[in-house]
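To keep things clear, I will list the structure first and then write my remarks on it.
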Amino acid sequence: MDMLGGLTASEFLRDYWQKKPLVIRQAFPDLESPVSPDELAGLACEETVESRIVIENDDGKPWQLHNGPFTPERFSQLPEQNWTLLVQGLDHWVPEIADLLEHFRFVPNWRLDDIMASFAPKGGSVGPHYDQYDVFLLQAQGHRRWTFGGHCDHTSPRVEGTPLRILSSWDGEETVTLAPGDMLYLPPGIGHHGVAENDCITLSVGFRAPTIDDILTGFTDFLCGQSDASDHLNDPELQVQDNPGTIQPAVIDKLDAILREKLGDRRQLSLWFGQYATAPKNMDIVVPAEEPASTEEFAGAIRAGEQLRWNEGSRFAYYDFDDETALFVDGEQYLLKGDARPMAALLCAGARIDSAQLARFADDEALLGLLCTLYNQGSVYFE
Ligand code: AKG
């Protein structure tokens, strides 16, 4: 399948990723939406599913936001046109939607956020806006007219009277109408506005990246959880000062040395980032297996060639140190040494794990124990 419009993944990353928009006609030829509008409405009634409705003109108020879960009656009260239902994390709930992600594995697992779906009748839209995400907007049903272009940021003028960040006085630069199977890639910060031409479903395959704030607070919180974090600054070499009010440069040197030592620890940084980047988005999805397996049962299933796959809400990544490999699954780390190291790459390569290759690792008792733990905690299951 030519989902990047004739470009190789390397060409796409070099020329478009984080740089400029790309319209790809028939990226997924003849795509049939894996979900129907009714199924989306059904999901939006579930407590554990994050959903929103955006109404362009709600009793005279612009771009009003209503958060789910909704009741079925709510849908019969909506106007004929000009509203949108958004369902977040659809890939977590619908395996066929999660399967679409296998086409996007040219982007690292840790960058993936989720697939959001929107349903809109004619005229429906969430308004002109920009995101801090890389997003592939895949048309799954009906037609949507997209206007996009122009770099926006927090200084771009906004519409008043709405909780949403809707751009005012924004015109866009290009307009295209997408049909089922067509896709539009947008880098962060590019203004865009999609308006349904008829009943339409759009899938937003979103990629996130941490902010500097996320990195600083996340890593320092992680360091603060370590055993030496409660040690106090010491000063056995303290000297008499002329003025007790002076903070001596030597004190600042000490602080500086502590911060450099802690913040400059690449190993700890890698371990923190792997855990941070694989923490599940929604804790309601990764739930323990209904019937926990014994290691013998698990090994039997692997040897019988049963297909093991990631839980749709699970995240997998790994980092190769010089002497060992850290496997990260759902915010936990597992250190693999020696011959066990390649198991991390095998588990992380894609949602369906090659049973034949896994069988040789399952011969090792410790690795079998680890695989069985991943199964029993709900991070993987047999299809
Ligand atoms: C986005 O994901 O950034 C969108 O603009 C999607 C809006 C929609 O599907 O209506």
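The values are calculated or read from the model by the stated rules, or taken from the named source; none is laboratory data. Remember, predicted model here, so these are calculated numbers, not experimental data. Backbone-built Cβ (ideal geometry, glycine too); neighbour counts: all protein chains shown. Keep in mind that these areas ignore ligands, DNA and RNA; they rest on the heavy atoms of the full protein, side chains included. Shrake-Rupley method; radii C 1.70, N 1.55, O 1.52, S 1.80 Å.
For Lys254 and Met283, what does the FRET efficiency come to when R0 = 56 Å and r is the distance between their Cβ atoms, rounded to the nearest 0.05?
Step by step, r from the Cβ atoms, then E = 0.90.
Convex hull over the alpha-carbon atoms of the chain: what's its volume per residue in Å³?
Residue-normalised Cα hull volume stands at 206 Å³.
Any idea what the relative contact order of region 9-207 is, in percent, if you count C-alpha pairs under 8 Å spaced at least 6 apart?
Result for region 9-207 is 30 percent.
Report the full-extension gain for the segment Tyr381 to Asp2: residue separation times 0.36 nm, less the Cα-Cα distance, to one decimal in nm.
Numbers: separation 379, 0.36 × 379 = 136.44 nm, distance 3.01 nm.
Full extension from Tyr381 to Asp2 adds 133.4 nm.
Identify the trypsin sites (Lys or Arg not before Pro) of region 281-383 meeting these criteria: DSSP loop state and at most 13 other C-beta atoms within 10 Å of the C-beta.
Answer by residue number: Lys337.
Mind counting lysine pairs for me in the chain? Cα separation below 29 Å, and the two need to be 8 or more apart along the chain or on different chains.
8
What size of dipole, in debye to the nearest 20, comes out for the chain about its Cα centre when the only charges are +1 on Lys and Arg C-beta atoms and -1 on Asp and Glu C-beta atoms?
That gives the chain a dipole magnitude of about 940 debye.
Hey, how many Å between the Cα centroid of region 65-93 and the Cα centroid of region 292-330?
Spelled out, the Cα-based centre of one part sits 36 Å from the other.
Given +1 on the Cβ of Lys and Arg, -1 on the Cβ of Asp and Glu, and no further charges, what dipole in debye does region 295-382 carry about its Cα centre, rounded to the nearest 20? All intermediate terms of the calculation are to be shown ahead of the outcome.
Numbers: 7 positive and 15 negative charges, 63 e Å.
Roughly 300 debye for region 295-382.
When you take every Cα atom in region 300-349, what is the radius of gyration, and what is Dmax, the widest Cα pair distance, in Å?
Gyration radius and largest Cα-Cα distance of region 300-349: 12.0, 35 Å.
For the chain, with a Gaussian network of springs between Cα atoms less than 10 Å apart, report the residue from Gln241, Gln333, Gln88 with the top mean-square fluctuation.
Looking only at Gln241, Gln333, Gln88, the biggest GNM fluctuation is shown by Gln241.
Quick check on region 295-382: take the gyration tensor over C-alpha atoms, sort the square-rooted eigenvalues as a ≥ b ≥ c, and tell me if it's rounded (a/c under 1.5), prolate or oblate.
On the way: a/c = 1.66, a/b = 1.23, b/c = 1.35.
Oblate shape, in that a/c is at least 1.5 and b/c is the bigger or equal ratio.
Grab the beta carbon distance between Thr217 and Arg25, set R0 = 51 Å, and tell me the FRET efficiency rounded to 0.05.
Here the calculated transfer efficiency is 0.75.
Probe radius 1.4 Å, ligands and nucleic acids ignored: give me the carbon and sulfur share of the accessible area of region 184-333 as a rounded percent.
Percent of accessible area from carbon and sulfur atoms in region 184-333: 53.
For region 295-382, what relative contact order do you get, as a whole percent, if you take Cα pairs closer than 8 Å and at least 6 residues apart?
It rounds to 37 percent for region 295-382.
Just want the answer: with Cβ charges of +1 for Lys and Arg and -1 for Asp and Glu, which residue in Ser76, Ala41, Pro108 is farthest toward the dipole's positive end in region 36-119?
Most positive-ward Cα: Pro108.
In the Gaussian network model of the chain, springs joining C-alpha atoms below 10 Å, which of Asn282, Asn234, Asn311 carries the largest mean-square fluctuation?
Asn234
Treat region 158-210 as a sphere of radius equal to its Kirkwood radius over Cα pairs and apply Stokes-Einstein at 20 °C in a medium of 1.002 mPa s; give the translational diffusion coefficient in µm²/s, rounded to a whole number. Display every interim value, and only then the final one.
On the way: Rh = 13.7 Å.
For the chosen part, D equals 156 µm²/s.
Distance between Cα centroids, region 200-255 to region 143-173: provide it in whole Å.
37 Å
Give me log10 I(q)/I(0) at q = 0.10, 0.17 Å⁻¹ for region 9-207, Debye formula, one equal scatterer per alpha-carbon, no solvent.
-0.39, -1.21
Let me have the relative contact order for the chain, percent, based on Cα pairs under 8 Å that are six or more residues apart.
With pairs under 8 Å counted, the relative contact order is 15 percent.
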